[in-house]
1. Based on Cα coordinates alone, diagonalise the gyration tensor for the chain, multiply each eigenvalue by 5, take square roots, and list the semi-axes in whole Å, largest first.
2. What is the sum of charges, Lys and Arg at +1 and Asp and Glu at -1, for the other residues whose Cβ falls under 14 Å from the Cβ of GLY181?
3. Projected onto the charge dipole of the chain (+1 at Lys/Arg Cβ, -1 at Asp/Glu Cβ, origin at the Cα centre), which of THR61, GLY92, ALA171 gives the Cα projection farthest towards the positive end?
4. Which value, in Å², gives the accessible area per residue of segment 20-99 when a 1.4 Å probe is used on the protein heavy atoms?
5. If amide H atoms are built 1.01 Å from N in the plane of the peptide, which residues on other chains or at least 5 residues away come under 5 Å of the amide H of MET125?
6. Using the basic label-point model (7 angstrom from Cα toward the beta carbon), what is the ARG175 to VAL112 distance in nanometres?
7. What helices does the chain have that are whole DSSP H segments, at least 20 Å long along their own axis by Cα, and with mean Kyte-Doolittle hydropathy of 0.0 or more?
8. Considering only the other residues whose Cβ falls under 14 Å of the Cβ of THR61, what net charge follows from Lys and Arg at +1 and Asp and Glu at -1?
Amino acid sequence: MGGFDDLHPVVQHHVVNTLGWRELRPLQEAAIGPLLAGQDALLLAPTAGGKTEAALFPLLTAMADGGWSGTSILYVCPLRALLNNLEHRVDGYASWLGRRAAVRHGDTAQGVRRRMILERPDILMTTPESLEAMLVSATMDPHLLLADVRAIVVDEVHAFAGDDRGWHLLAVLERLTRLTGRPLQ
């Protein structure tokens, strides 16, 4: 046992039948155990190496098995364009389990932002700058959207390393940890 066998049965079904994958890539297999155990992980692979799935499949499993509710996964990217490009794919994976993903960044319409408070996505995809704006918002209580976050995926982490954006991201994630009142994976 281990790896693929530890994923939620619905995720297993869709990996095989919707994606048509006969097996997971080695990185994807290796990530399942540690992520399901709640460990932090740094997943390294070339572009199109399956890192998104390596992070999301075990987290979706934890969400389903643990009964996580509300916005429980935060997916942080350095670029709005990358978020927009990933939204359909991530939302598709979430929909396998009756869950939903949504993007929120500087270009997100005000009406969509308000609706997110009432109909919270299970996976919120955002930039560090937009996350900070949510945490300090005068028009929205950040607890309403972010208090249930349990895990964070930082995509393209190298884009944050070695400059002020990296320090900014660390500060914002620390603030989010304090808001949730628990350690975040």
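The values are calculated or read from the model by the stated rules, or taken from the named source; none is laboratory data. Only a predicted model underlies this, so the values are computations on that prediction, with no experimental measurement involved. As a convention, Cβ positions derive from the backbone with ideal geometry for all residues, glycine included, and neighbour counts pool all protein chains shown. What goes into the accessible areas is simple: the full protein's heavy atoms, side chains included, and nothing from ligands, DNA or RNA. Shrake-Rupley method; radii C 1.70, N 1.55, O 1.52, S 1.80 Å.
1. Details: eigenvalues 136, 66, 50 Å².
Each semi-axis is the square root of five times an eigenvalue, giving 26, 18, 16 Å.
2. Spelling it out: positives minus negatives among the neighbours equals +2.
3. The one lying farthest along the dipole's positive direction is GLY92.
4. Per-residue value: 48 Å².
5. TYR75, ALA102, VAL103, ARG104
6. So the two model labels end up 2.2 nm from each other.
7. Numbers: long enough: 51-66 (23 Å, 0.56); 80-95 (22 Å, -0.59); 164-180 (24 Å, -0.08).
Counting only whole DSSP H runs, the qualifying helices are 51-66.
8. Details: positive: ARG99, ARG150; negative: ASP5, ASP6, GLU29, GLU53, ASP65, ASP122.
My count for the surroundings of THR61 gives -4.
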